[in-house]
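So the structure is just underneath, and the comments pick up after that.
The values are calculated or read from the model by the stated rules, or taken from the named source; none is laboratory data. Just so we're clear, the structure is a prediction, and the values are computed from it rather than from any experiment. Cβ atoms come from the backbone with ideal geometry, glycine included; neighbour counts cover every protein chain shown.
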Amino acid sequence: MSLAAGTRKHALDGPRWPARAAGVRQPPLVLVALALAVAALVLLPLIYLIIRASEAGEKFRTLLLRDRTLEILINTILLSVSVAITAAVIAVPAAWLVARTDMPGGRWLSPLFALPLVIPSYIGALTFIVILGPRGELSRWLEKSAGIEAFPSIYGFWGSWLALSLFTAPYVFLTVSAALQGIDPVHEEAARSLGKGSIESFMRTTLRQLRPAIFSGMLLSALYAVSDFGVVSLMRYDSLTRAIFVQYQASFDRSYAALLGLVLVAFALLLVGAESMLRDKAVYYRIGSGVARQRQPRQLGWKKAPALLFAGVVLLLSLALPLIVLVRWLVRALRRGESFDQLLTVTGNTLVLGIAAALITTAAALPVALLAGRYRSRIGAVIERTTYIGYGLPGIVIGLSFVFLGANYLIQLYQTVPLLLLAYMVRFIPQAVGSTKSSLMQVNPRMEDASRGLGRSWTATMARITMPIAMPGVLAGAALVFLTVVKELPMTILLRPTGMDTLATEVWTASSDLRYGEASGPALMLILVSAIPSAVIFARARQTAMRGDA
Amino acid sequence: MVQTIESPPTDEQTALRPPVLQITGLEKRYRNVPVVDTIDLAVHQGEVLSILGPSGCGKTTTLRLIAGFEEPDRGSIEIGGQLMSRPGRCEPPEKRRVGMVFQDGVLFPHMSVGDNVGFGVESSQRRERVAWALEVVGLGGLASRMPYELSGGQQQRVSLARALAPNPSIILLDEPFASLDAALRTRLRTDVRQILAAVSATVIWVTHDQEEALSLSDRVAVMFNGVIVQDAAPEELYHRPVSRDVGMFVGDAQFLPGSASGRRVTCELGDLPTYTAAEGEVDVMIRPEALRLTPAGPDVVPNAVVTDRLFFGHDQLLRIELASGTTLNARLGSYGGIRPGDRVRVSLRGAVLTLQTDRESV
């Protein structure tokens, strides 16, 4: 026997029981029923699309294997891959510069790099067309001053690639920045002390740990490019979304449009699946839960100049240029006597739709999030996964499916606000479920036990303890839904009641008719409307990161 | 002001009155593995019972079964003479009048201290009960603070006040000090003991800390692998554990082989009196503090040599080696100049406990 017998002995260490944490009890039946109803609604458009496409019957195989289909699919893949790579090339250095170096203005750069998110990508694309397009300002200037006429066309692949890369880079930036906060720089410092330069140290240590976060951000960017309708339509690039819309408008046989829709969904779901697998992995790579310790930022020295140039070009293209162009148009349009008298009504429509969609989507997300976050049941997990399908259903597909459904079975609802809101709900419910669930998970289940033990029923506990504590996260989810709904384009175009215009559709119609001046008012208003909830979400995220709690 | 202060129960009273809590044949399984395996337990008015066991032994599950957060697979729980749990029929937690104090306090973060404490009280009585409960735990005047403004120790006091305020028939404490640092834990332990005694609460206290269990309870139930292996008063448990494992879990224990005959046992330390009669091969349990060391002298024939010494301050631990080469630890007060290398005579205070030799757990 050793002298260390002074320490207590745990003679028998029992086996590890399955965690008894949150949900051993059965979920209330009402909750399951509500969540099931929501899941059924989410599945509705996809199921209908499958039925519709299968009506093509014999033709199905021939249609699917047509050269045209293959060409469109290749276009789509090409665009999404190149956009994802470019977004990472822009965002990863940006995130590293902001988080780890003595880059001048670092505190301001972080929100600035995220800010292009409030500019809808199709508005960005519009400004690029005006500047870089065939009869655009830059080409005219080049022609006049240097005599260059053969300026490469912005239309097609290059324009789509440029706009989507610049406006999806913030997704990669945010994912990577968040991961960088959690990665302890000690490995990087160790590499430096072993004689490696700062860039090499970063590449060989931190970058490796960042890989899941980078891929996760790239997949988000790719998913955006695949689902995007506005940019490729304005740039006249034949990717799946545009082809579906053209097919829908041009022909009475809509089964080919439905078929292309299914191909698009399959591709998008593949990206969603890969992303969700990586996201789980990315979490494991974070060390601890606290904020990483303060450290000496890397001295950039003479490299400050190229770093600043890089940041300047990115911000000029994705932020300054679109805003300057829009303001110039606005000034010109006002001088011309444009009155923008519709703007108030249109803004009102947009706000009403956005708020109603945010409320409905959040309400629908609540039972799903409660079931998945509070009870460990198989059905809860299945329902939660089902609602995530919305991520893989591009707006054009949901819009199309509800057009078919509405025109054939729900004549009363066709082209009414309720059907439009339902479509928004299907598309954006994952955002609401995600943030509601994560804020519910931060409520200690013991807190609910304490309330029950003090004599309160389940309902009273939810109302007085769980919901109030989770409320900030739930509201952030609602704000996110609002933000995406106000700039949503394809579903709004397809499903809005005749004569009901929103800021997004105004921009769309004006720019389709090349009336850019008229687009400037609604476009700037849209950016303003998006900026307010973004500021709220950003401030909250920052607060959360700083306090390290709910 | 409502008072729950009653005179402490005498032994006669506890014997006559029905227990506040009666657990019979309770069993709980997860994925068909019993976590709580057929336990029986009774707690009387004003009694403080600890459930002591290593982590994962089922003690917290037992507490959650009592509180109604889990449903048993077999057996029953009665509180105040009313049937509360049996398989398939469970009163919900809110109907049980059970006060629970959790490991981290889990105060409601969006409510003030006063609102937390008053949460379980009817509105008509709320003000006076909140004032009373906060006074009892020594935090009168802090009602308007928010939980995040309190220290860890204060949070646990508020948590206790919140559990006491609705005047529950029984208080359950789930390792309430586990997340506090050692110094604070010791101080709060004493305070809570006094608070609970002042309101003569009936208490079940779950812990894995044997010192906490022994010093705070009237009775300790030791739980291993879902089974209560011994349910006894602290002294009884410490000096007469039912097995080597219990003996080692509640304190430092060392064992010497011996040969018993009636109430005496012969081992390397000589012929010793025992607590209970036994025959044949046994293990003799020796607590380090039961050993007495006398330095060798003219009248003292040494039988061991000191080989090592750990000085802790409040006491010290000396390692001694017997003639046969067997080593033992002896715990002595911090005074006395015995040093490594000294030759000593080892003797024992009082009687020793013998246990049936168990070849498996060596």
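If we keep just the residues of the range B:312-344 that are small (Gly, Ala, Ser) and in a strand (DSSP E or B), which is farthest from the other protein chains (Cβ to nearest Cβ)? Talk me through it step by step, then tell me what you get.
Here is the first cut: in the range B:312-344, the residues small (Gly, Ala, Ser) are B:313, B:323-325, B:330, B:333-334, B:336-337, B:341.
This time we only want the ones that are in a strand (DSSP E or B), so: B:330, B:333.
Values: B:ALA330: 11, B:GLY333: 15 Å.
By that ranking, first place goes to B:GLY333.
When you scan the range A:66-89, do you find a residue that is of a type outside the set (Lys, Arg) and at pLDDT below 80, even just one? Give the derivation first.
Residues of the range A:66-89 that are of a type outside the set (Lys, Arg), as a first pass: A:67, A:69-89.
In the following step, the residues that additionally are at pLDDT below 80 were identified as A:67.
Yes, there is a match, as at least one residue in the range A:66-89 is of a type outside the set (Lys, Arg) and at pLDDT below 80.
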### Query
For A:VAL433, are the conditions met, namely being crowded, with 24+ Cβ neighbours inside 10 Å and away from chain B (no Cβ under 14 Å)?
yes
### Message
Can you tell me how many residues within the range B:113-126 are surrounded by fewer than 18 Cβ atoms within 10 Å (Cβ to Cβ) and of a type in the set (Gly, Ala, Ser)?
### Response
2
### Message
With the requirement that a residue be part of a loop (DSSP other than H, G, I, E, B) and surrounded by 14 or more Cβ atoms within 10 Å (Cβ to Cβ), what does the range B:288-311 give you?
### Response
B:ALA296, B:PRO302, B:ASN303
### Query
Going through the range A:444-476 one residue at a time, which ones are of a type in the set (Ser, Thr, Tyr) and either buried (at least 20 other Cβ atoms within 10 Å of the Cβ) or in contact (Cβ under 8 Å) with a residue 12 or more places away in the chain (or both)?
A:SER451, A:THR461, A:THR466
### Query
For B:GLU211, are the conditions met, namely being acidic (Asp, Glu), within 14 Å of chain A (Cβ to nearest Cβ) and farther than 25 Å from B:GLU135 by Cα?
yes
### Residue check, B:GLY56 surrounded by fewer than 21 Cβ atoms within 10 Å (Cβ to Cβ) and away from chain A (no Cβ under 12 Å)
no
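Whether any residue in the range A:482-497 is within 14 Å of chain B (Cβ to nearest Cβ), in a helix (DSSP H, G or I) and touching a residue at least 40 places away in the same chain (Cβ under 8 Å) is what I want to check.
No, the conditions are met nowhere in the range A:482-497.
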### Query
Regarding A:ILE154, is this residue buried (at least 21 other Cβ atoms within 10 Å of the Cβ), modelled with pLDDT under 90 and assigned to a loop (DSSP other than H, G, I, E, B)?
yes
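Quick grid of which residues meet (1) under 20 Å from the mean Cα position of the chain (by Cα); (2) farther than 15 Å from B:ILE171 by Cα; (3) within 9 Å of another protein chain (Cβ to nearest Cβ):
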residue: B:THR61; (1), (2), (3): yes, yes, yes
residue: B:GLU70; (1), (2), (3): no, yes, yes
residue: B:GLY80; (1), (2), (3): no, no, no
residue: B:GLY88; (1), (2), (3): no, yes, no
#### Entry: Number of the condition not met by B:ARG74 [criteria: (1) more than 14 Å from chain A (Cβ to nearest Cβ); (2) closer than 23 Å to B:PRO234 by Cα]
(2)
## Note on the structure
Going through the range B:68-89 in order, the residues found to be at pLDDT below 90, in contact with a helix residue (DSSP H, G or I) (Cβ under 9 Å, 6 or more places away or on another chain) and of a type outside the set (Phe, Trp, Tyr) are B:GLY68, B:GLU70, B:GLU71
### Message
Against the definition (surrounded by fewer than 18 Cβ atoms within 10 Å (Cβ to Cβ), within 20 Å of B:THR61 (Cβ to Cβ), in contact with an Asp or Glu (Cβ under 8 Å, 6 or more places away or on another chain) and at pLDDT 90 or above), how does B:VAL227 come out, yes or no?
### Response
yes
### Message
Please verify whether B:PRO176 is touching a residue at least 12 places away in the same chain (Cβ under 8 Å) and more than 23 Å from B:LEU52 (Cβ to Cβ), treating the condition exactly as stated.
### Response
no
### Query
For residues in the range A:477-494 being touching a Pro at 6+ places or on another chain (Cβ under 6 Å) and of a type in the set (A, V, I, L, M), which is surrounded by the fewest Cβ atoms within 10 Å (Cβ to Cβ)?
A:ALA479
### Message
Can you report the number of residues in the range B:98-124 which are in contact (Cβ under 8 Å) with a residue 40 or more places away in the chain, over 11 Å from A:SER451 (Cα atoms) and within 7 Å of another protein chain (Cβ to nearest Cβ)?
### Response
2
### Query
Any idea which of A:ALA11, A:ALA53, A:ALA5, A:ALA19 is over 25 Å from the mean Cα position of the chain (by Cα), within 14 Å of chain B (Cβ to nearest Cβ), in a helix (DSSP H, G or I) and modelled with pLDDT under 90?
A:ALA5
### Task
Identify the single condition in (1) at pLDDT below 90; (2) closer than 26 Å to B:ARG343 by Cβ; (3) part of a strand (DSSP E or B) that B:THR276 does not satisfy, given that it satisfies every other one.
(2)
### Message
For the structure I just gave you, tell me whether B:LEU318 is in contact (Cβ under 8 Å) with a residue 12 or more places away in the chain, surrounded by 14 or more Cβ atoms within 10 Å (Cβ to Cβ), hydrophobic (A, V, I, L, M, F, W, C) and farther than 24 Å from B:THR266 by Cβ.
### Response
yes
### Query
What pairs come up if the first residue lies in the range B:234-256 and is under 23 Å from B:THR266 (Cβ atoms) and within 9 Å of chain A (Cβ to nearest Cβ), the second is among the polar types (S, T, N, Q) and surrounded by fewer than 20 Cβ atoms within 10 Å (Cβ to Cβ), and their beta carbons are under 7 Å apart, counting only those six or more places apart or on different chains?
B:ARG244/B:SER361
### Query
Would you call A:GLY477 in a helix (DSSP H, G or I), of a type outside the set (S, T, N, Q) and within 14 Å of A:GLY390 (Cβ to Cβ)?
yes
### Query
Being touching a residue at least 24 places away in the same chain (Cβ under 8 Å), surrounded by 14 or more Cβ atoms within 10 Å (Cβ to Cβ), out of contact with any Gly (no Cβ under 8 Å at 6 or more places or on another chain) and not in a helix (DSSP H, G or I), is that true of even one residue in the range A:73-90?
no
